[in-house]
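The values are calculated or read from the model by the stated rules, or taken from the named source; none is laboratory data. Predicted model, so just to flag it, every value in this text is computed and none were measured. Here the Cβ positions follow ideal geometry from the backbone for every residue, glycine too, while neighbour counts run over all protein chains shown. Surface accessibility is based on the protein's heavy atoms, side chains included, excluding ligands, DNA and RNA. Shrake-Rupley method; radii C 1.70, N 1.55, O 1.52, S 1.80 Å.
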Amino acid sequence: MKVMTVFGTRPEGIKMAPIVKELEKRDNVESVVCITAQHREMLDQVLSLFNIKPDHDLNIFSPGQTLTDITNKALKGLEDVIKLEKPDILLVQGDTTTVFAGALAAFYQKVKVGHVEAGLRSGNIYSPYPEEANRKMTGIISHYHFAPTKMNEENLLKEGYKSDRIYITGNTVIDALKHTVKEDYHFQIDLLNQVDYENKKVILLTSHRRENIGKPMENIFSAVRDIVEKHDDVEVIFPRHLNPKVREISDKFLKHERIHLIEPLDYEPFSNLIGKVSLVVTDSGGLQEEAPTLGKPVLVVREETERPEGIESGTAKLVGTSYDKIFGEMDKLISDKNEYVKMANATNPYGNGTAAKKIVDILVEDFYR
Ligand code: UD1
Ligand code: UDP
């Protein structure tokens, strides 16, 4: 059985890596890796951490790329690679434009698609944008639906997907975290060793969502800055996404000596940093899974989420993007110990770190049946 994995961005790389490693272990599987490189630097660091050497690199990244640019280049590049490799199965992970283009390219060649992280739904096609639509469109043309949780499976069943093609596997992000998070981790970046995680209230901030760029992101950043001004013991670490728009807004709103604007971190230091900070403020998808797993309260600065599991467990709160709400919720967590302790629960609705093995077992069993 020849399995081609396709991915293009940082989060896809992190969550696909455990599957690539599992495929490589199997004698009866030929693993082919094709990256679109929708992201360049941010993906390359993931490849190097997990020691993955792609067989094909479409290298489509260009600064200022539009959604159409990404779709066009990935679709065409993948058509050529699929024709050359003729895989039995093509795997995509998540909801990015690479995922949609990858699934579509495979569908056009009548190659079976396996959709990893299937069935997450916010219910609003514009939030996250364009990811909600990417995930739904990928689902329609997929053969295997690997749903991380029961709720994800239920979403698919409600949309009429057949239960015998849906598999609850957990999320491969837990497999990846198991690989990277270590006790007594020592950072290569001095600043991260110098921060006083015991006595200071350290906020880990990330924000990059397309629908937040503009006023919502200005609200997020001004609320964070005002919290730092109000509380002397608060410090902020913001590993900034490489999107120039994120940099522009954060340069304007996040100037403060206790706010550290740093380059995107490699996944190993980043995941260990989550374990050390007091609180996470983010619009990221993956962080909504990682922070609850590591027992850190997460304030989700988005209007909708397709990951309600962390919220139901009480570790995450969906706070929206208005200044008052973001400021108020951060203030509450920083000032009220009871409130903080209530949220700081290690809950992990996302599996036990064996998702990659389950997914590969299912593919092998079905193929050699
Ligand atoms: C993409 C995904 C999003 C995912 C995010 C993870 C789509 C539509 N969006 O959004 O779902 O949450 O990745 O981070 O697929 N850049 C660089 N170097 C890099 C990566 C990005 O310079 O290695 C800059 C470029 O200026 C680029 C911009 O970031 O134009 C945006 O990148 P893009 O892939 O278009 O979208 P993301 O916002 O990263
Ligand atoms: N991440 C990382 N370095 C950083 C910021 C995030 O390795 O500086 C990881 C994070 O742990 C998570 C993934 O990148 O696994 C999330 O990526 P991102 O927020 O870009 O995308 P999303 O999950 O929102 O699609």
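List of remarks:
- Trypsin sites (Lys or Arg not before Pro) lying in DSSP loop within the stretch 150-197, provided at most 15 other Cβ fall within 10 Å: K162, K182
- Highest-MSF residue in the chain out of L204, L49, L91 [GNM, Cα springs under 10 Å]: L49
- Accessible area of the stretch 235-364 belonging to carbon and sulfur atoms, whole % at 1.4 Å probe: 51
- Overall form of the stretch 138-236 per C-alpha gyration tensor (a/c, 1.5; a/b vs b/c): oblate
- Projected-area mean, the stretch 63-207, by convex hull of Cα positions, square nanometres: 12.4
- Among the trypsin sites (Lys or Arg not before Pro) in the stretch 77-124, those located in a DSSP loop and surrounded by at most 16 other Cβ atoms within 10 Å of their own Cβ are K110.
- Shape call, the stretch 264-351: gyration tensor on alpha carbons, a/c limit 1.5: rounded
- In this entry, the stretch 92-154 is assigned a mean projected area of 3.7 nm², taken as a quarter of its C-alpha convex hull surface.
- Solvent-accessible surface of the stretch 146-247, taken per residue with a 1.4 Å probe and all protein chains present: 48 Å².
- Checking the cross-link pairs K15/K86; K178/K332; K25/K296; K2/K276; K53/K252 against a 29 Å limit on the alpha carbon distance flags K178/K332; K25/K296; K2/K276; K53/K252 as lying beyond it.
- Where the Cα pairs of the chain fall when distances are cut into 20 Å bins, in %: 30, 58, 12, 0
- Partner aspartates and glutamates whose Cα lies under 15 Å from the Cα of K182, excluding those fewer than 8 positions away in the same chain, are identified as D266, E268, E290.
- Acute angle (nearest 10 degrees) that the helix 244-253 long axis makes with the longest principal axis of the chain, alpha-carbon atoms: 10
- Among the protein heavy atoms of the stretch 15-130, carbon and sulfur supply 52% of the accessible surface, probe 1.4 Å, non-protein parts ignored.
- Rounded to the nearest 500, the 222 nm mean residue ellipticity of the chain from helices alone is -14000 deg cm²/dmol, with -39,500 (n - 2.57) taken per DSSP H run of at least 4 residues.
- The stretch 192-281: proportion of alpha-carbon pairs further apart than 17 angstrom, %: 45
- With protein chains left intact and a 1.4 Å probe, residues in the stretch 267-345 average 32 Å² of accessible area per residue.
- Qualifying chymotrypsin sites (Phe, Trp or Tyr not before Pro) for the stretch 167-264 [loop in DSSP, other Cβ within 10 Å: at most 15]: Y197
- Near L318, once Lys and Arg are set to +1 and Asp and Glu to -1 for all other residues with Cβ below 9 Å from its Cβ, the sum equals 0.
- For the chain, the longest principal axis of the Cα atoms and the long axis of helix 323-335 meet at an angle of about 70 degrees.
- Mean Cα-pair separation over length for the stretch 23-145, i.e. relative contact order, pairs under 8 Å, 6 or more apart, %: 19
- With the simple spin-label model, which puts each label point 7 Å out from Cα in the Cβ direction, the E159 to T66 separation comes to 2.6 nm.
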